[in-house]
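Notes to accompany the following structure.
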Amino acid sequence: MTIDLQPAAAPPAEADFPDRRQVMRRFGDLAPDGATSMVALSRMFEHPLAGLRFARFDKLVAEGGFGPFRFLFVGQRVERRTAFGENGETVRIGTGIRAIGRSSYAYGQGMFADGQLVATAEGTMVLADESKTIPLPDELLADLGELRLPETGMATAARPDPRRLDRQYYPAAATVHARVGDVDHNLHVNYIAQLGWYDEAIATHAHGLLGDGSARKLPRFLPWRYQVNYLGEVHYPRAYDVGIAVGGHDEHSVHYELGLFHSGRCLGTADATAPRGTLPGAALTHAAPSASNA
């Protein structure tokens, strides 16, 4: 059983997190509107997450008592709650464990600037060998227990709606190409690079609705919230289709439903909330899933 990504009931305080680290925001993290981009946010959250050390588990592995294994990133939620900061500003990121399952655990993170919560991230990691998930060893369970956040428990994972796995569900699509720089040490396309692909698909869709004169404005239409499910490994070199549907919209925002496909197989889904801006309502309604797919 894996862990869900339902948001915590109340916004966390920095003191709630067992692990707290400083991260500097770089010039390259800034989007054209001056806010930190979602891709940059994910990268900033990744730094302290990768820095977590599991002393008992690391000792077990070093002594040859466990393996082979790998951690699979199966889900992620990232939200920028407010625009913040300047180039070179230092933010503090807290990390803790929200829930622990048989073969997976869920983490939660908060980013703080001047004591204010400005962004959150959550995700689920699964322990696996080359062919299947495997139980978390006692040593890792003990390490994770020391990093528990106080307010959350365990719940059954929320799977994507099966309709979202069908390419025909999505009325529009954009093609993206894996780049060599997208490949991480696991020899597949990194999850942060895939988040950038969803950004690219939404910008391409907005460009198609608004025309060539909108090119300089396209970054204004990029999301401030993502929830992503990673369903299969993504490799280089390959081209992928990102299916695009509009799940709903109001005066200020658009909810996008996205799917990543290769040769008809769905490798991931994403739900995104983005500014509506000048996107016409009639075009957004046309981009919603048809009745036969709903």
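The values are calculated or read from the model by the stated rules, or taken from the named source; none is laboratory data. Computed from a predicted structure; not experimentally measured. Cβ sites come from the backbone with ideal geometry, for glycine too, and all protein chains shown count toward neighbours. The accessibility values were calculated without ligands, DNA or RNA, using every heavy atom of the protein model including side chains. Shrake-Rupley method; radii C 1.70, N 1.55, O 1.52, S 1.80 Å.
Some observations on this one:
- Think of a 1.4 Å ball rolled over the protein heavy atoms: the chain then has 48 Å² of accessible area per residue.
- Zero-based 5 Å bins, Cα pair distances in the range 5-121, whole percents: 2, 10, 20, 22, 17, 12, 8, 5, 2, 1, 0
- Volume per residue of the C-alpha convex hull in the range 166-213, rounded to whole Å³: 97 Å³
- A simple spin-label model places pseudo-atoms 7 Å from Cα toward Cβ; at Ala142 and Ala13 they are separated by 3.1 nm.
- When the alpha carbon gyration tensor of the chain is reduced to an equivalent ellipsoid, its three semi-axes come out at 32, 23, 18 angstrom, largest first.
- Positive-end residue, the chain charge dipole about Cα centroid, Cβ charges, pick of Tyr240, His252, Trp197: Tyr240
- Once C-alpha pairs closer than 8 Å and six or more residues apart are averaged by separation and normalised to the residue number of the chain, the relative contact order reads 20 percent.
- Rg to Rh, two decimals, where the range 39-197 supplies the alpha carbon set and Rh follows Kirkwood: 0.98
- Here the spin labels are modelled as points 7 Å beyond Cα on the Cα-Cβ line, and at Ser103 and Val180 they lie 3.6 nm apart.
- Shape class for the range 129-212: prolate, because the ratio a/c of the largest to smallest gyration tensor axis (alpha-carbon atoms, square roots of eigenvalues) is 1.5 or more and a/b beats b/c.
- Surface composition of the chain: carbon and sulfur make up 51 percent of the accessible area, probe 1.4 Å.
- With a Förster radius of 22 Å applied to the beta-carbon distance between Arg53 and Glu130, the computed FRET efficiency rounds to 0.30.
- Against the main long axis of the alpha-carbon atoms of the chain, helix 38-51 sits at an angle near 10°.
- Annotation: Lys217 carries an accessible surface of approximately 100 Å², with a 1.4 Å probe and no ligand, DNA or RNA atoms counted.
- The charge dipole of the chain, taken about its Cα centre with unit charges on the Cβ of Lys, Arg, Asp and Glu (plus for the first two, minus for the last two), comes to roughly 320 debye.
- Cα-centre dipole for the range 55-200 with unit charges at Cβ (Lys and Arg positive, Asp and Glu negative), debye to 20: 480 debye
- Förster-model FRET efficiency, 41 Å R0, Gln22 and Ala239, C-beta, rounded to 0.05: 0.55
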